[in-house]
Amino acid sequence: MAKFPHLPLWTDAYIADTIHLNYEEHGLYLMLLMTVWRSPECRIPNDIKWIKRRLRATDEQIEKYVKNILDEFFETTGNYITQKRLKEEYNYVKKKAKKNSDTAKLRWQKEKLVCERNAPIPTPILSNKDTKVSLYMSKKTKRRIMPVDWEPNENAAKVADKEGYTNEERSEILQQFRDYADANNAKYANWDKAFSNWLRNDITKRFVREKRRGLNPIGAGSGQKSASLASTIRNLSVVDNT
């Protein structure tokens, strides 16, 4: 989920600045604005391949529309692309959110102080069991949305090679995983493990699907394919609650 889900859009200023765009250009421009807004620090990598994947745009759309839109409405700092007006709105919302948070904390502290004066509560003594639980919770890794620069690790690539995935199939399963994460605002503590789970499930479904069709899914003989599948799942063995 984006840090600030609500995007302020001043329609009069937008229409005045974009009156010359056609409908396809409007769609790409709005998608770029929302992508930048949802990205950390309101900026995206200065990488046309990354932008193409996020917009799901064709090579023709990139050359014909996207590059012109980037040149006209966006700024680059070298490694990142930003939008001046959008960044101003982002900083305003960020500042306002912090102010609201500080006000709420101050109010809570005042209420807590009054409560402590009226009904003092002794500090509880933790047992050994409570201490162990507390230590465990403090070490638990916090879940997060997919980093903008995340790519599968070498282990996933090796497994894909072993299972005979073509480059086209690899790209397709990776895009399916990214689409699922985007559509569901998925958060994981370890994105490599999450993708390994996804790949493991795909391998299993592929095995079952091809077996039903009477094909030889993995390897030449039944013993070989079973051993190969078992080995693959062991290599990708991870806990599902990443």
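The values are calculated or read from the model by the stated rules, or taken from the named source; none is laboratory data. Worth saying up front: this structure is predicted, and the values here are computed from it rather than measured. Note that we place each Cβ from the backbone using ideal geometry, even for glycine, and neighbour counts take in every protein chain shown.
Of the residues that make up the stretch 71-82, is at least one within 22 Å of residue 22 (Cα to Cα), in contact with a strand residue (DSSP E or B) (Cβ under 7 Å, 6 or more places away or on another chain) and either modelled with pLDDT of 90 or more or basic (Lys, Arg) (or both)? Yes. Residues being of a type outside the set (A, V, I, L, M), closer than 17 Å to residue 150 by Cα and surrounded by 13 or more Cβ atoms within 10 Å (Cβ to Cβ): count how many of those fall in the stretch 42-95. Going through the stretch 42-95 one residue at a time, the tally reaches 9.
Would you confirm whether any residue within the stretch 163-183 is more than 26 Å from residue 52 (Cβ to Cβ), at pLDDT below 85 and surrounded by 13 or more Cβ atoms within 10 Å (Cβ to Cβ)?
Step one: list which residues in the stretch 163-183 are more than 26 Å from residue 52 (Cβ to Cβ), which gives 163-164.
With the extra rule that they be at pLDDT below 85, the set shrinks to 163-164.
Next, only the ones that are surrounded by 13 or more Cβ atoms within 10 Å (Cβ to Cβ) stay: 163.
Within the stretch 163-183, one or more residues are more than 26 Å from residue 52 (Cβ to Cβ), at pLDDT below 85 and surrounded by 13 or more Cβ atoms within 10 Å (Cβ to Cβ).
Restricting attention to the stretch 140-162, the residues that are of a type in the set (Val, Ile, Thr), in contact with a strand residue (DSSP E or B) (Cβ under 9 Å, 6 or more places away or on another chain) and more than 15 Å from residue 53 (Cβ to Cβ) total 1.
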